[in-house]
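The values are calculated or read from the model by the stated rules, or taken from the named source; none is laboratory data. The shown structure was predicted, so the numbers you read here are calculated from the model rather than taken from an experiment. Glycine also receives a Cβ, built like all others from the backbone with ideal geometry; neighbour counts cover every protein chain displayed.
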Amino acid sequence: SVANIGVVGLAVMGSNLARNLASREGNTVAIFNRSWERTETLITEHPEAGFVPAHSYEEFAASLSKPRTAIIMVQAGRGTDAVIDELTKVFEPGDIIVDGGNANFHDTIAREQAVRETGIHFVGTGISGGEEGALHGPSIMPGGSVESYETLGPILASIAARADDGEPCVTHVGTDGAGHFVKMVHNGIEYADMQLIAEAYDLIRRGTGKTPAEIADVFDEWNTTELESYLIEITAQVLRQTDAETGKPLVDVILDAAGAKGTGAWTVQNALDLGVPVSGIAEAVFARSLSSKAAQRAAAAGVLPGPSSEDWKPSDPDAFIEDVRQALYASKIIAYSQGFDEIIAGAEQFGWDIKKGEIAKIWRAGCIIRARFLGRITEAYASDPSLVALVLAPYFRDAVTEAQGAWRRVVVSAAEAGIPSPAFSSSLAYYDGLRAERLPAALVQGQRDFFGAHTYKRIDKDGIFHTLWSGDRSEIETEPSWH
Ligand code: 6PG
């Protein structure tokens with residue numbers, strides 16, 4: 001047994017992760033794939049990696065030093081269970097099975113519980129950064145037992161991305177499914193961030209008539225401001241790309257129907273279960289769904305009336321672009337604030353001791369949502385660990401205060417121009433809801449009490465009350481309603 005770490009599943013992510021592991025001092029990497037061809041290709045193409053290839057799970061287990069540690073990189077779902085079954089047969093108590101796929105954290109909790117009975121550790125870990133990240137340094141979000149992290153931590157730290165201060169982007173997020181939970185929320189934020197950037201592009205394009213390449217320049221410029229991030233950077237590159245076949249901007253020939261593999265929807269489903277309003281993320285998921293409703297869109301386009309972009313132009317295009325930039329920043333702060341709210345609620349619900357500041361820290365490099373302002377989130381939680389909402393931290397409060405004039409102008413313009421901006425406008429609505437001293441929820445409570453005797457509380461005294469709506473309309477003190 002010569003290898004200290006193994007990888008099962010050698011599609012692009014698995015191969016890249018294995019190569020990354022092999023390139024770091026101190027690691028020898030055992031590899032296994034269901035079909036031998038993939039293994040053969042990898043060892044042939046990368047002799048420098050010194051891989052220890054295995055033909056069977058038995059051989060794979062025999063090539064690993066103890067405690068055996070293996071990372072599964074197969075498509076989330078049934079494939080993962082099949083590999084876990086095989087590995088538990090050949091591993092021993094104390095060994096560690098790591099699932100590096102985008103698994104649903106509920107599955108991870110169940111798998112951890114089942115595998116634990118064999119004495120083997122099961123660690124669900126989020127890995128972000130796409131193919132390039134896997135190869136050069138991803139952001140890694142492991143869950144599982146504290147004990148397993150003693151072995152696994154240094155191995156993951158050897159391949160993780162490094163932030164500007166040199167710290168590796170990995171931390172023990174919490175037990176069992178905590179890592180996959182946090183990765184799920186990461187992806188939800190990723191959806192919101194992408195949608196916000198897409199709305200900004202659309203507003204600028206339809207408002208000012210700039211070409212995609214010109215808008216790429218705008219994004220490049222934005223990337224020197226507090227908006228600096230990987231997603232802004234790649235957006236500029238996508239916008240600058242010309243289609244070889246037609247000579248048109250590539251973005252104009254890509255079908256405008258956004259796909260999704262499910263993690264964004266999970267973020268929203270779980271937020272609904274936890275009662276956390278992640279409206280920006282939800283709108284981003286729904287915007288993708290709407291974009292893919294080809295039949296409905298075809299039936300509605302040109303039939304449902306509304307302003308056309310021709311009817312509306314900003315009087316000062318440069319000022320408008322600056323407004324959009326500020327609206328983007330404010331909305332982005334809201335999306336992160338909502339995402340962190342979900343992390344806090346999930347930690348409470350599932351009993352995880354998640355350090356918010358540490359999460360922001362490991363998202364500073366390697367992952368898809370890496371951005372300059374993540375350092376500010378770490379600072380915010382460091383100076384006030386019990387911060388009730390990220391947007392209330394002095395830095396972010398000041399930022400939205402400064403941006404809010406622009407933010408409101410952009411949402412008004414979008415409505416006037418008939419340009420859909422669900423993420424911008426829902427973020428602003430959330431912000432106004434959060435800061436409202438009174439909400440019309442009082443009326444909703446009144447309505448609920450009217451039709452269902454659902455009861456209400458009063459602002460001026462304790463107790464539960466019900467108005468006898470179908471009687472003399474006097475108020476009685478009562479028990480909480482059960483229906
Ligand atoms: C990452 C990405 C990665 C994947 C997304 C794509 O962090 O590296 O989030 O996990 O690219 O899951 O998700 P959709 O296909 O749903 O957009």
Single residue of Gly14, Gly26, Gly50 found to be loosely packed, with under 13 Cβ neighbours inside 10 Å, touching a residue at least 12 places away in the same chain (Cβ under 8 Å) and out of contact with any Asp or Glu (no Cβ under 7 Å at 6 or more places or on another chain): Gly26
Residue, surrounded by the most Cβ atoms within 10 Å (Cβ to Cβ), within region 169-199, restricted to residues that are in a loop (DSSP other than H, G, I, E, B) and more than 13 Å from the ligand (Cβ to nearest atom): Val173
Residues satisfying the stated conditions in region 130-168, i.e. closer than 27 Å to Gly94 by Cβ and in contact with a Cys (Cβ under 8 Å, 6 or more places away or on another chain): Pro138, Ile140, Ala160
Verdict on Ser337 being closer than 18 Å to Asn223 by Cβ, surrounded by 23 or more Cβ atoms within 10 Å (Cβ to Cβ) and hydroxyl-bearing (Ser, Thr, Tyr): no
Qualifying residue in region 339-362 (condition: closer than 30 Å to Leu290 by Cα, assigned to a loop (DSSP other than H, G, I, E, B) and not hydroxyl-bearing (Ser, Thr, Tyr)): no
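Could you please let me know if Asp81 is modelled with pLDDT of 95 or more, crowded, with 20+ Cβ neighbours inside 10 Å and of a type in the set (Asp, Glu)? Spell out how you get there, then give the answer.
On the way: modelled with pLDDT of 95 or more: yes; crowded, with 20+ Cβ neighbours inside 10 Å: no; of a type in the set (Asp, Glu): yes.
No; evaluated as a whole, the condition is false for this residue.
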Evaluation of Glu92 against (1) part of a helix (DSSP H, G or I); (2) surrounded by fewer than 17 Cβ atoms within 10 Å (Cβ to Cβ); (3) at pLDDT 95 or above (one fails), failing number: (1)
Qualifying residue in region 106-128 (condition: within 13 Å of the ligand (Cβ to nearest atom) and either out of contact with any His (no Cβ under 9 Å at 6 or more places or on another chain) or β-branched (Val, Ile, Thr) (or both)): yes
Elements of type helices (runs of 4 or more DSSP H) contained in region 233-322, each with 2 or more residues being within 22 Å of the chain's Cα centre (by Cα) and surrounded by 15 or more Cβ atoms within 10 Å (Cβ to Cβ): 263-274, 279-291
Residue within region 156-163 that is more than 16 Å from the ligand (Cβ to nearest atom) and in a helix (DSSP H, G or I) present: yes
Flag if Ile96 is within 16 Å of the ligand (Cβ to nearest atom), in contact (Cβ under 8 Å) with a residue 40 or more places away in the chain and in contact with a helix residue (DSSP H, G or I) (Cβ under 7 Å, 6 or more places away or on another chain): no
Among (1) touching a residue at least 12 places away in the same chain (Cβ under 8 Å); (2) hydroxyl-bearing (Ser, Thr, Tyr); (3) more than 30 Å from Ser308 (Cα to Cα) - the single one Thr401 does not satisfy: (1)
Count - residues of region 129-153 that are away from the ligand (no atom under 15 Å from the Cβ) and not in a loop (DSSP other than H, G, I, E, B): 8
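Among the candidates Asp202, Asp217, Asp252, single out the residue that is touching a residue at least 60 places away in the same chain (Cβ under 8 Å), more than 16 Å from the ligand (Cβ to nearest atom) and more than 22 Å from Cys367 (Cβ to Cβ).
Asp202
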